Amino acid sequence: GSKCTFCVLVALEKDSLFVEAYIGGAWAHLMAVDRETDTLISHVQSAWRYLNRALSLGARSSESYRVRGLIAQYQLQYDRAVDELERGAVFAPSDAETQRRLAVAYAIKGRIDDALKVAAKAAADDPRNADSYTTLGSIQHLRDENLRLQEKNDDSVYREALQSFEQGMRYASDKSKYASAGYADLLEYTHQPERAAQILVDRVAQTQHYVDYYKLGRIYQTAGRPKQQWESTLQRAKIVLEETIAANPLDAYAYSYLALTETRLGAFKNAIEASTRARQLAPFDLNVLYNTARMFALQTDRTQALEYLSKAVDQRYRLSSILDMDFYNLRSDPEFKKAVTR
């Protein structure tokens, strides 16, 4: 973030030939892309400038390969991203961050077995890092979706993924936030909706945020709870969303979640209007694109769901979004895999 960038600039003022500071500067810009705090292009360009300076000074480390790989990935050059990250993994076999990044790059290419192998090594080499288990659990979840579609619905499906997320939760700085993400979905898939709902009830009590109300409402809905229960929860999400939009009429993210909420309430026309407004406000926003695809998937409009999902992935592959519960029924479509692999 900005603090990291400031530290890099201070270091370079003291020593303009400090190679690791240039690598650190490149990495700070790429982490800003991960956090989506600014535009993709400006940060990737800045990262590239820092990296080139480091390379001109003779940098050759796992970090330099990792930065090169991630820049290639964000430039949609996925084969080159795999090549660079593989070089980094060979250069420093115990660098778990490079392994995690390589695992995701393999997943983008549809190489799930390779992704699982590398993600498992990252978890073994960095066992007290929540990110290691999140990456492993997400890729196990991706594998298990394929098993489910092959009608291999034995007890092992989703179980390993669930266990990985449970391990990750032990080391998460915000356990409530961690649990309310992919872990809650997996509890629903493994027929534990009561646990999933309790996690989200606790989360809502803390945040009162529309995303958490939405997630709780859809758990109630997919678990077959009484209509009054899930409807009242989604209506609460809608109220919070309307208050948010009234305070900030240019909040495209809120409009995109209003579209999802209206869809689950059965108000498709209202949902389309909200989604259209979100895209008018922020046509290239990654969250808006993924949420638009989710909305159309829920409305069983496969053509537009796949179109917007492809647009989102073309802008940036985000595994957590691809695995979102709202895409559950779309995953059986043969075109879904084509939309999420490159």
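Side notes on the structure shown:
- Sub-8 Å Cβ pairs linking a first residue in the range 184-197 that is touching a residue at least 60 places away in the same chain (Cβ under 8 Å) to a second residue that is in a helix (DSSP H, G or I) and of a type outside the set (K, R), at least 6 apart or interchain, are D185/A196; D185/M325; E188/A196; E188/I219; E188/T222; E188/M325, ordered by first then second residue.
- In the range 306-324, the residues that are within 18 Å of L258 (Cβ to Cβ) and either among the hydrophobic types (A, V, I, L, M, F, W, C) or in a loop (DSSP other than H, G, I, E, B) (or both): D324
- The range 21-48: number of residues that are free of Cβ contacts under 8 Å to residues at least 12 places away in the same chain and open to solvent by 70 Å² or more (accessible area, probe 1.4 Å): 4
- In the range 103-128, the residues that are surrounded by fewer than 20 Cβ atoms within 10 Å (Cβ to Cβ) and more than 18 Å from R342 (Cβ to Cβ): L116, K117, A120, A124, D125, D126, P127, R128
- Qualifying positions in the range 161-211 - assigned to a helix (DSSP H, G or I), within 21 Å of S321 (Cβ to Cβ) and of a type in the set (G, A, S): A161, S164, G168, S176, A179, S180, A181, G182, A184, A196
- Count of residues meeting criterion [open to solvent by less than 20 Å² (accessible area, probe 1.4 Å), touching a residue at least 24 places away in the same chain (Cβ under 8 Å) and either touching a Lys or Arg at 6+ places or on another chain (Cβ under 9 Å) or of a type in the set (A, V, I, L, M) (or both)] in the range 291-305: 5
- The combined condition, being touching a Lys or Arg at 6+ places or on another chain (Cβ under 8 Å), closer than 22 Å to R316 by Cα, open to solvent by 20 Å² or more (accessible area, probe 1.4 Å) and without any contact (Cβ under 8 Å) to a residue 40 or more places away in the chain, is fulfilled by D131.
- Cβ pairs under 6 Å, 6+ apart, first in the range 93-118 and more than 20 Å from L76 (Cα to Cα), second open to solvent by 30 Å² or more (accessible area, probe 1.4 Å): S94/D125; A96/D125; A96/D126
The values are calculated or read from the model by the stated rules, or taken from the named source; none is laboratory data. Note that the coordinates shown come from a computational prediction; the quantities given were computed from them, not determined experimentally. Virtual Cβ from ideal backbone geometry, glycine too; neighbours counted across all protein chains shown. Heavy atoms of the whole protein, side chains included, go into the accessibility calculation; ligands, DNA and RNA do not. Shrake-Rupley method; radii C 1.70, N 1.55, O 1.52, S 1.80 Å.
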